[in-house]
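Each remark here refers to the structure printed beneath this line.
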Amino acid sequence: MLISRRRSVAGATALALAALVLTACSEGGAQSRAVTSAPAAVTTPATSTASATASASASASASASASASAAAPTTAPDLTVTAGAPGRWADTKQFMQITDAWISDGRTYLSVRSARKQAATGDIEAWQIIPGRGSYSTVSMATGSRILLSVPLGDNSVPYPYSQAEFVRRMKRQSPTFLEGLGFDLTFDGNGRVTRLQSLYTP
């Protein structure tokens, strides 16, 4: 009986030790598996966040540049009127030469420069034109401007009214040399536009 009891105790002890060993192996394997799989998720988020931040910053910079470009004012120079001409002659009367006249978008334009006139001797009133030496400037005529022409541009020795279209047509028929000998009295309004034009009689 005693031998049988000892064998039973020894068997139970061996089973208990075997269970402890198996439990330790199972826990060790689980820990090993946990350690092995953990590092994969450590560094990836930081890289993704940095890339997303850089991309967002580049997009914001590009958007700001586009907005700045769109907001930048663009200006186009007005080539129809020489700078300073309207202000220089506004509300004045000038004696001038006209080298060209044309109509654009329903408005008449003149290429003018200052000149001098001198009364010619004789029985009738006539004028000698002394050409200017400055550059020509472009001015416009106001709607309804009064145009008076006399010989040689007009048909009579006395001033006679003509339309702006007829005036331009007659100017276009003349040579530059002929136009050099013509002189005109011009009246300008406050905006620098011609409101009255009269050619001087030259025999």
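The values are calculated or read from the model by the stated rules, or taken from the named source; none is laboratory data. Only a predicted model underlies this, so the values are computations on that prediction, with no experimental measurement involved. Positions of Cβ are generated from backbone atoms using ideal geometry, with glycine treated the same way; all protein chains shown enter the neighbour counts. Keep in mind that these areas ignore ligands, DNA and RNA; they rest on the heavy atoms of the full protein, side chains included. Shrake-Rupley method; radii C 1.70, N 1.55, O 1.52, S 1.80 Å.
When only the heavy atoms of the protein chains count and the probe is 1.4 Å, how do Glu125, Glu180, Glu166 rank by accessible area, highest first?
On the way: Glu125 145, Glu180 75, Glu166 40 Å².
Output order, biggest surface exposure first: Glu125, Glu180, Glu166.
Across the stretch 180-203, the residues whose backbone nitrogen lies under 12 Å from the label position 7 Å along the beta-carbon direction of Arg146 are 187, 195-198.
First check a/c for the stretch 84-161, with a ≥ b ≥ c the square roots of the eigenvalues of its C-alpha gyration tensor; if it is under 1.5, answer rounded, and if not, answer prolate when a/b is larger than b/c or oblate otherwise.
Values: a/c = 2.15, a/b = 1.36, b/c = 1.58.
Verdict is oblate for the stretch 84-161.
Here the stretch 139-169 is scanned for amide nitrogen atoms under 12 Å from the site 7 Å beyond the Cα of Ala126 along Cα-to-Cβ, giving 151-152, 157. Please say if the stretch 129-203 is rounded, prolate or oblate, where rounded means a/c under 1.5 for a ≥ b ≥ c the square roots of the C-alpha gyration tensor eigenvalues, and otherwise the choice is prolate for a/b larger than b/c and oblate otherwise? Oblate shape, in that a/c is at least 1.5 and b/c is the bigger or equal ratio.
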